[in-house]
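Trainee: Here's a structure for you.
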Amino acid sequence: MTDATDLLPGLEERVHERRGLRVRLFSGGEGPPLLLVHGYGGSAWNFAELAERLPGRRLIVPDLPGHGDSSPLPAAPSLAGFADVLAAICEEEGIAQVDLAGHSLGGVVALRLAERRPELVRRVVLFAAAGISSSTRIGELLITLAGVIRPARMAGRRVERIASSPRLRRALFGGLEVSNPDLLTERQVHGFLRAGPLHQDALTAGLALARDDPRIGLDRVQSPVLVVWGARDRQVPLDDGFEYARRLGAPIRVIADCGHLLIGERPDACASAIEEFLAATL
């Protein structure tokens, strides 16, 4: 696979420009709106396998500022600015109420949006939400190191070779990312890696994540929340998932033999979690 247009088939690529900020997003489908929010160093393409498993919904899948083909967000000391960008997208798309599914960093941004705009957010699904362990000095150092070295850019330049090689796939994804790299399809490898060379400023979001303890303000989240975690997540520990669930009064679903990139490693289980939760909380 070499054509990026194959990564989110059926969704139209569009660009929103507001107050000097350019945001790329993919949108399509019919039904209740669902906003998919990717993680740190990711892009809309991260949902390459999950998006097509969510029929009957209108999907909106943006590149967060500084990621993919979206321009950086200036002066972003916290994740509130990223949440406000999502709110602006909903406004421009004519959406009065929206469900959210956020992975890792995207989960924390989704919670910030639910906190700031309770009338906009109906329900939230958190996939391995970051923020608790990362809001430590060690977490900040690791995020800064990743932002300086920019491994996503290096891997993205070799995505064709990595996607077609089981050995390279295991070497790259088999550490902190997934439990079983052989479950990643070639398309999903492209979805995780292809945008790396495009990122202009992912580090700003990472540092905002490290400074922004999501436990502050969780009591103001009024939307029903589902917490979903990989049982073998070595990047964001399962204990964080239980803490989110406890503080939010939310159910938690743990996916066996699954790592941090659960949206690509186990897209069927993730899609089922979304659909069952949204159906149960109508």
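Trainee: Go through the range 112-125 and count every residue that is closer than 30 Å to Ser179 by Cα and touching a Ser or Thr at 6+ places or on another chain (Cβ under 9 Å).
Mentor: Here the count works out to 3.
Trainee: Going by what's in this entry, would His38 be described as touching a helix residue (DSSP H, G or I) at 6+ places or on another chain (Cβ under 6 Å), crowded, with 19+ Cβ neighbours inside 10 Å and either modelled with pLDDT of 95 or more or not basic (Lys, Arg) (or both)?
Mentor: So His38 passes the test.
Trainee: For the range 195-224, how many residues meet the condition of being closer than 29 Å to Ala75 by Cβ and either among the acidic types (Asp, Glu) or in a loop (DSSP other than H, G, I, E, B) (or both)?
Mentor: Selection size over the range 195-224: 14.
Trainee: Still on this model: For the structure I just gave you, tell me whether Arg194 is surrounded by 21 or more Cβ atoms within 10 Å (Cβ to Cβ) and within 23 Å of Ile263 (Cα to Cα).
Mentor: When the stated conditions are applied, Arg194 passes them.
Trainee: Could I ask something else about it? Taking Phe277 as meeting all but one of (1) more than 17 Å from Leu36 (Cβ to Cβ); (2) at pLDDT 95 or above, write down the number of the exception.
Mentor: Among (1) more than 17 Å from Leu36 (Cβ to Cβ); (2) at pLDDT 95 or above, Phe277 violates only (1).
Trainee: So, one more: Within the range 201-211, is there a residue that is closer than 30 Å to Thr281 by Cα and either touching a Pro at 6+ places or on another chain (Cβ under 8 Å) or among the hydrophobic types (A, V, I, L, M, F, W, C) (or both)?
Mentor: Checking the range 201-211: at least one residue is closer than 30 Å to Thr281 by Cα and either touching a Pro at 6+ places or on another chain (Cβ under 8 Å) or among the hydrophobic types (A, V, I, L, M, F, W, C) (or both).
Trainee: Just one of Ala195, Ala208, Ala202 is out of contact with any Gly (no Cβ under 7 Å at 6 or more places or on another chain) and closer than 19 Å to Leu21 by Cβ; which is it? Give the steps one after another, and end with the answer.
Mentor: On the way: Ala195 fails: out of contact with any Gly (no Cβ under 7 Å at 6 or more places or on another chain); Ala202 fails: out of contact with any Gly (no Cβ under 7 Å at 6 or more places or on another chain).
None of the other options fit; the residue is Ala208.
Trainee: Of the numbered conditions (1) at negative phi; (2) out of contact with any His (no Cβ under 8 Å at 6 or more places or on another chain); (3) at pLDDT below 95, Gly107 satisfies every one except a single condition; which is it?
Mentor: (3)
Trainee: In the range 153-210, how many are more than 16 Å from the chain's Cα centre (by Cα) and aromatic (Phe, Trp, Tyr)?
Mentor: Of the residues in the range 153-210, 1 are more than 16 Å from the chain's Cα centre (by Cα) and aromatic (Phe, Trp, Tyr).
Trainee: Pick from Val227, Val178: which is in contact (Cβ under 8 Å) with a residue 24 or more places away in the chain, outside any loop (DSSP other than H, G, I, E, B) and buried (at least 18 other Cβ atoms within 10 Å of the Cβ)?
Mentor: Val227 is the lone residue from the list that is in contact (Cβ under 8 Å) with a residue 24 or more places away in the chain, outside any loop (DSSP other than H, G, I, E, B) and buried (at least 18 other Cβ atoms within 10 Å of the Cβ).
Trainee: So if I check each of Asp212, Asp233, Asp219, which one is of a type in the set (Asp, Glu), over 23 Å from Leu113 (Cα atoms) and touching a helix residue (DSSP H, G or I) at 6+ places or on another chain (Cβ under 9 Å)?
Mentor: Step by step, each of Asp212, Asp233, Asp219 is checked, and only Asp233 is of a type in the set (Asp, Glu), over 23 Å from Leu113 (Cα atoms) and touching a helix residue (DSSP H, G or I) at 6+ places or on another chain (Cβ under 9 Å).
Trainee: Which residue is nearest to Phe173 (Cα to Cα), if the candidates are limited to the range 254-282 and must be of a type in the set (D, E, K, R) and either touching a Ser or Thr at 6+ places or on another chain (Cβ under 9 Å) or buried (at least 23 other Cβ atoms within 10 Å of the Cβ) (or both)?
Mentor: Glu265
Trainee: Here's a follow-up. Looking at Ala163, Ala171 in this structure, which one is touching a residue at least 24 places away in the same chain (Cβ under 8 Å) and either surrounded by 22 or more Cβ atoms within 10 Å (Cβ to Cβ) or more than 17 Å from Asn46 (Cα to Cα) (or both)?
Mentor: On inspection, the qualifying residue turns out to be Ala163.
Trainee: Kindly evaluate Pro55 against the criterion of being more than 19 Å from Leu120 (Cβ to Cβ), over 17 Å from the mean Cα position of the chain (by Cα) and without any contact (Cβ under 8 Å) to a residue 40 or more places away in the chain.
Mentor: Answer is yes for this residue.
Trainee: Restricting attention to the range 230-252, which residues are assigned to a loop (DSSP other than H, G, I, E, B), surrounded by fewer than 24 Cβ atoms within 10 Å (Cβ to Cβ) and among the charged types (D, E, K, R)?
Mentor: Arg232, Arg234 - these are the residues of the range 230-252 that are assigned to a loop (DSSP other than H, G, I, E, B), surrounded by fewer than 24 Cβ atoms within 10 Å (Cβ to Cβ) and among the charged types (D, E, K, R).
Trainee: Based on what the data block shows, is Leu248 touching a strand residue (DSSP E or B) at 6+ places or on another chain (Cβ under 6 Å) and free of Cβ contacts under 8 Å to residues at least 24 places away in the same chain?
Mentor: Spelling it out, it is not the case that Leu248 is touching a strand residue (DSSP E or B) at 6+ places or on another chain (Cβ under 6 Å) and free of Cβ contacts under 8 Å to residues at least 24 places away in the same chain.
Trainee: Restricting the search to the range 70-91, which residues are modelled with pLDDT under 95 and either among the charged types (D, E, K, R) or farther than 14 Å from Val23 by Cβ (or both)?
Mentor: Of everything in the range 70-91, those that are modelled with pLDDT under 95 and either among the charged types (D, E, K, R) or farther than 14 Å from Val23 by Cβ (or both) turn out to be Ala75, Pro77, Ser78, Leu79, Ala80.
The values are calculated or read from the model by the stated rules, or taken from the named source; none is laboratory data. Since the structure is predicted, the reported quantities are computational estimates derived from the model, not experimental observations. For neighbour counting, all protein chains shown are included, and Cβ atoms are generated from backbone atoms with ideal geometry for every residue, glycine included.
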